[in-house]
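Inspection log for the structure reproduced underneath, given as structure tokens.
The values are calculated or read from the model by the stated rules, or taken from the named source; none is laboratory data. Everything numeric in this text was worked out from a predicted model, so none of it was measured. So basically every Cβ, Gly included, is an ideal-geometry build from the backbone, and we count neighbours across all protein chains shown. Areas reflect the complete protein model, heavy atoms only, side chains present, ligands, DNA and RNA absent. Shrake-Rupley method; radii C 1.70, N 1.55, O 1.52, S 1.80 Å.
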Amino acid sequence: MSTDIYPNRPPPSKALLQEWLRSYGVFTDSSLEICSMGGEVEDEHEINGSVGESELEGRGWRVIAKRDMEEGELLCSIPKTVLLSIKSSSLPALPSSSSHKHDQHTSLLHLALCVLHDFRLETESRWYGYLQSLPRHPVGLGLPIFWGMEEMCDSLGQKRDGEQGLRWLEGTEAGRDLERKDREGMGLTALTAFYKTFSSHLPPTSSHPDPSPLSSFLHAYSLVSTRAFLIDLYHTVALTPFSDLFNHSSTTPNTSLLSDDFVCHVCGSLATCPHDVMNNDGVSWRLSHLGDWERRKVENEVDSVDMRVERRVADGHEIWNSYGEGMGDGRLLVEWGFISEEFAGDGLVWDVDEMGRREGGDWEEELDGLGKEWKSRKGGGNDGDEVDDDDDGDGDKDNDNDNDYDNDNDNEALLCGQSKSESHLLNLDQLGRISINIYASLWLDQTPKGDESSTSSTATNEIGSQHNLYASLTPEQDDDGTVKTKIDGILDSAEELEESWQRLQAASLLCTTDDKVEMKNTDSSARQTDSLPLASPLTMTGKTVRVARRIRELLTARMKKMYRPDLSQEELFILRDNLNPGDRYRRLAMTLSINERGLLISALSKWDEWLDVYGTQRL
Ligand SMILES: C[S@@+](CC[C@H](N)C(=O)[O-])C[C@H]1O[C@@H](n2cnc3c(N)ncnc32)[C@H](O)[C@@H]1O
């Protein structure tokens with residue numbers, strides 16, 4: 001099945017795009033070269049090696065610097081009059097429908113309808129020179145939401161590949177994201193319903209007198225969802241010609257989109273306009289936050305979307321944009337149809353309700369308190385605002401994996417602090433460390449001493465017990481008899497855990513395997529007298545040990561949710577490496593799954609090592 005987009009037009013042409021950009025006054029630095037992404041061997045295999053250059057050009061572009069480019073240089077400047085948005089499209093306004101509320105998601109759907117309208121106008125559209133350059137294959141651009149969907153597949157083989165790919169996404173961050181999208185009405189059902197409601201609203205054109213199939217709308221939606229940017233209060237999301245040619249890097253982007261968003265929401269003017277309300281100084285309230293010089297500038301300049309070099313690029317290297325901070329592969333796959341394996345973002349995430357907590361209220365307030373206290377115990381200070389200055393000058397995506405967590409310099413630790421992107425997140429970070437938020441949640445679930453019978457370490461329903469303990473900061477008596485607040489109790493326990501882990505690590509470096517075995521079999525109090533660091537472990541409080549066991553269960557349960565959890569990493573690698581060249585979706589999904597399993601395995605091995613020594617203590 002295919003779309004009815006440009007059925008009789010030539011393949012995407014770079015020359016036509018460049019001519020169109022020039023004619024609409026788009027500035028691009030002369031040292032930027034638009035190159036095809038389709039030249040990879042993998043792609044050639046996919047279409048049996050029988051492709052010409054023009055066909056490859058339909059598979060997407062990237063931008064290369066043809067000289068060294070320094071910080072601050074202007075890469076491109078796109079007048080906002082060139083943007084394709086709901087406001088600029090010639091599609092007549094949609095009738096208001098009570099069943100479709102107006103939010104960012106419906107804006108994307110609406111914009112997709114506008115784009116389809118302009119596709120249907122073919123050469124009569126003012127954006128033809130731009131739209132003809134956009135990728136046409138695969139239909140739906142290979143976004144997982146369409147994997148296995150008959151209308152979006154070129155062949156039975158592709159359908160099977162998509163269906164299998166979806167299985168491999170089970171239990172992964174991408175799989176969870178797809179489920180969430182569906183739950184929140186942003187899945188395939190919602191897209192199909194939208195098109196069913198509004199397709200009759202697309203006017204017939206001379207090239208397309210008949211309605212377009214659903215696949216055309218879904219393809220237009222994929223283009224919008226993978227290349228539209230949030231611009232300003234007037235356009236909201238829009239397609240921005242040329243700016244959308246830059247690929248994404250999560251770790252070392254060279255540039256980002258710059259747009260003044262404080263335009264008039266009625267007419268889009270950046271300069272003072274008749275819709276503005278003036279303050280006592282005769283200045284529009286909308287522009288009153290600007291200094292005199294900046295105000296004069298916005299009153300006189302052409303309003304544009306700009307991109308500047310923010311990290312130097314070396315001659316011959318690709319220029320990477322940032323589609324957003326802290327983007328992990330799960331999200332990249334679901335929203336943009338690719339993975340970068342840069343291991344950025346928050347790692348693996350658990351939902352609040354999976355942990356038996358409720359969003360908002362006491363829980364989040366107390367997490368704020370916990371985060372603050374954790375920071376101050378770890379020495380405050382570094383809020384992670386420091387500039388990443390490790391640029392080695394080659395502009396390469398060197399995988400330097402910035403630490404995304406406040407005050408956590410110990411990569412080997414068992415625990416990490418709160419995520420900078422979302423302080424309430426319950427996650428296992430990219431370094432295999434459990435967040436203090438998860439630790440706190442499980443710590444609170446431990447039944448107070450005296451009711452040990454219900455704290456079996458294997459009872460899975462322990463996650464989910466809602467004690468509402470966060471509601472109180474009242475001091476209480478802990479396992480060891482001391483009286484402390486909940487937050488102090490949690491952090492003392494976390495510190496106790498980390499200290500014991502550090503001793504274990506130090507001991508592992510110094511001891512032979514025999515020593516370790518001996519230690520495992522020795523009563524902890526007896527070990528205090530030995531001279532090696534290994535032989536001087538702390539005596540853990542029972543609650544800390546119980547939490548450690550629950551963390552182990554949490555990690556194991558997550559692993560079991562994945563497709564074929566019985567396979568080892570080695571077996572998975574062999575399976576993946578033996579896939580047919582055309583099994584693109586399966587390869588992507590398996591790679592994501594293998595990487596997430598690797599993270600779980602590395603975290604599990606740390607907790608196993610710790611429990612091997614401390615888990616045998618009598619609780
Ligand atoms: C805004 S466009 C970027 C330009 C695009 N390559 C093109 O052909 O015009 C976003 C799409 O580019 C591709 N892309 C972006 N960054 C990528 C990366 N790091 N690796 C592979 N593909 C990438 C994905 O297909 C994504 O949906």
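Give me the residue from the range 309-340 that is assigned to a loop (DSSP other than H, G, I, E, B), touching an Asp or Glu at 6+ places or on another chain (Cβ under 7 Å) and among the aliphatic types (A, V, I, L, M) and, out of that set, nearest to the ligand (Cβ to nearest atom).
Looking at the filtered set, the residue picked out is I339.
Tell me the residue from V263, V277, V283 that is away from the ligand (no atom under 16 Å from the Cβ) and either buried (at least 18 other Cβ atoms within 10 Å of the Cβ) or closer than 24 Å to L131 by Cα (or both), please.
Exactly one residue qualifies, and that residue is V263.
How about the range 185-218: which of its residues are under 14 Å from I145 (Cα atoms) and assigned to a loop (DSSP other than H, G, I, E, B)?
Once the filter is applied, which keeps residues that are under 14 Å from I145 (Cα atoms) and assigned to a loop (DSSP other than H, G, I, E, B), the range 185-218 yields G185, M186, G187.
Every residue in the range 121-170 that is assigned to a loop (DSSP other than H, G, I, E, B), among the hydrophobic types (A, V, I, L, M, F, W, C) and within 16 Å of the ligand (Cβ to nearest atom), please.
W127, L134, L143, W147
Out of all the residues in the range 341-377, which are closer than 27 Å to T252 by Cβ and part of a loop (DSSP other than H, G, I, E, B)?
Those that are closer than 27 Å to T252 by Cβ and part of a loop (DSSP other than H, G, I, E, B): E341, E342, F343, A344, G345, D346, G347.
Name the residues in the range 341-353 that are within 11 Å of the ligand (Cβ to nearest atom) and open to solvent by less than 30 Å² (accessible area, probe 1.4 Å), would you?
E342
Does any residue of the range 404-422 turn out to be over 20 Å from the mean Cα position of the chain (by Cα), open to solvent by 50 Å² or more (accessible area, probe 1.4 Å) and modelled with pLDDT of 90 or more?
Checking the range 404-422: not a single residue is over 20 Å from the mean Cα position of the chain (by Cα), open to solvent by 50 Å² or more (accessible area, probe 1.4 Å) and modelled with pLDDT of 90 or more.
Taking helices (runs of 4 or more DSSP H) that fall entirely within the range 537-619, which contain at least 2 residues that are within 30 Å of E495 (Cα to Cα) and open to solvent by 30 Å² or more (accessible area, probe 1.4 Å)?
542-560, 584-614
In the range 234-290, how many are polar (S, T, N, Q), in a strand (DSSP E or B) and without any contact (Cβ under 8 Å) to a residue 60 or more places away in the chain?
1
Open to solvent by less than 10 Å² (accessible area, probe 1.4 Å), among the small types (G, A, S) and in the same structural domain as S89 (by TED's automatic domain parsing): is that true of S256 in this structure?
No.
Which of the residues that make up the range 210-253 are more than 16 Å from the ligand (Cβ to nearest atom) and either more than 20 Å from W336 (Cβ to Cβ) or surrounded by fewer than 23 Cβ atoms within 10 Å (Cβ to Cβ) (or both)?
The answer is D210, P211, S212, P213, L214, S215, S216, D232, L233, Y234, H235, T236.
If a residue must be without any contact (Cβ under 8 Å) to a residue 60 or more places away in the chain and open to solvent by less than 30 Å² (accessible area, probe 1.4 Å), how many such residues does the range 113-148 contain?
Looking only at that region, the number is 5.
Looking at (1) more than 16 Å from the ligand (Cβ to nearest atom); (2) in contact with an Asp or Glu (Cβ under 9 Å, 6 or more places away or on another chain); (3) modelled with pLDDT of 95 or more; (4) not in a loop (DSSP other than H, G, I, E, B), can you tell me which one D306 breaks?
For D306, the exception is condition (2).
Out of everything in the range 191-206 that is of a type in the set (G, A, S) and open to solvent by 50 Å² or more (accessible area, probe 1.4 Å), what residue ends up being farthest from the ligand (Cβ to nearest atom)?
Ranking the qualifying residues of the range 191-206, first place goes to S200.
Consider R227 carefully, then state whether it is over 26 Å from the mean Cα position of the chain (by Cα) and of a type in the set (K, R).
no
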